[in-house]
Amino acid sequence: MEQETTLDATVRTRIRSLRKARGWSLDNLADRADISPSQLSRIETGHRRISLDQLSAIAEALGISLDQLVESPQDSDVVIRPEKDEHRGLTTWLLTGDDGPQGLTVAKMRITAQAGDVGPGDMGVHPGRDWFTVLSGTVVLYLGERVIRVEAGQAASFSTMTPHTIRADHGPAEALCILDHNGQRTHLQASSRHLSGGSAPEPADPR
């Protein structure tokens, strides 16, 4: 029962907060949801049980799905735990899941693999484009035959069809990366191989 009470209170808070965020009065939302303002007031304050029909109407009026409105709070979703690849000198925090905006993935990366001799076998390619901004330290971007230093506070954007990899210079560096689907699959799902000095994964056998 405690879980139901907590969720019930959360739903009421969501309704009130979303209404106010849109600058709507009780009358505005009530009119859009086709319920009376007094009913809506009692719903928000917890003095009336919420029927499924009312929840559906309120969610539609607020421009969100019913699932979003009644979603249970999940403490496990709050803490983002790092994925460490000590052998390759990379730690990754995945800040968005599969529902990232416009299919993009945002990740924070801590790079400890140091700049040095990097050959063609250390770099990989994939369709698309990558973006990153350096939060601390200095990132060395190897892009084809170019070696580009990107300092803290600076950002980089480049075509990933050019062979590339990144390293840190004189100590660890941290960067915030924005990856499209191909970049996410290559950098994160494939154990971040070519970002930390490995080669790009072989394409799957279409058979």
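The values are calculated or read from the model by the stated rules, or taken from the named source; none is laboratory data. In this text the structure is predicted, and so the values were computed from the model without any measurement. FYI the Cβ positions are ideal-geometry reconstructions off the backbone, even for glycines, and counts take in every protein chain you see.
Sub-7 Å Cβ pairs linking a first residue in segment 18-36 that is closer than 17 Å to Leu66 by Cα to a second residue that is buried (at least 17 other Cβ atoms within 10 Å of the Cβ) and among the charged types (D, E, K, R), at least 6 apart or interchain, are Leu29/Arg19, ordered by first then second residue. Residues that are without any contact (Cβ under 8 Å) to a residue 60 or more places away in the chain and under 20 Å from the mean Cα position of the chain (by Cα) are absent from segment 110-123 altogether.
Residue check: Ala107 meets all listed conditions (1) out of contact with any Phe, Trp or Tyr (no Cβ under 8 Å at 6 or more places or on another chain); (2) under 24 Å from His87 (Cβ atoms); (3) touching a residue at least 24 places away in the same chain (Cβ under 8 Å); (4) among the small types (Gly, Ala, Ser) but one, namely (1).
Residues checked against (1) in contact with a His (Cβ under 7 Å, 6 or more places away or on another chain); (2) loosely packed, with under 12 Cβ neighbours inside 10 Å; (3) of a type outside the set (Lys, Arg):
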residue	(1), (2), (3)
Arg32	no, no, no
Pro37	no, no, yes
Leu40	no, no, yes
Ile64	no, no, yes
Arg81	no, yes, no
Met109	no, no, yes
Gln114	no, no, yes
Asp117	no, yes, yes
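Residue check: is Glu151 over 20 Å from the mean Cα position of the chain (by Cα), more than 30 Å from Thr6 (Cα to Cα), of a type in the set (Asp, Glu) and at pLDDT below 90? Taking the combined requirement at face value, the residue does not satisfy it. Here Thr105 meets each of (1) at pLDDT below 85; (2) surrounded by 14 or more Cβ atoms within 10 Å (Cβ to Cβ); (3) of a type in the set (S, T, N, Q); (4) over 30 Å from Ala175 (Cα atoms) with one exception, condition (4). Exactly one residue out of Gly198, Gly183 is at pLDDT below 90 and buried (at least 22 other Cβ atoms within 10 Å of the Cβ), and it is Gly183. Filtering segment 108-140 to residues that are modelled with pLDDT of 95 or more and over 17 Å from Trp93 (Cβ atoms) leaves Thr138, Val140.
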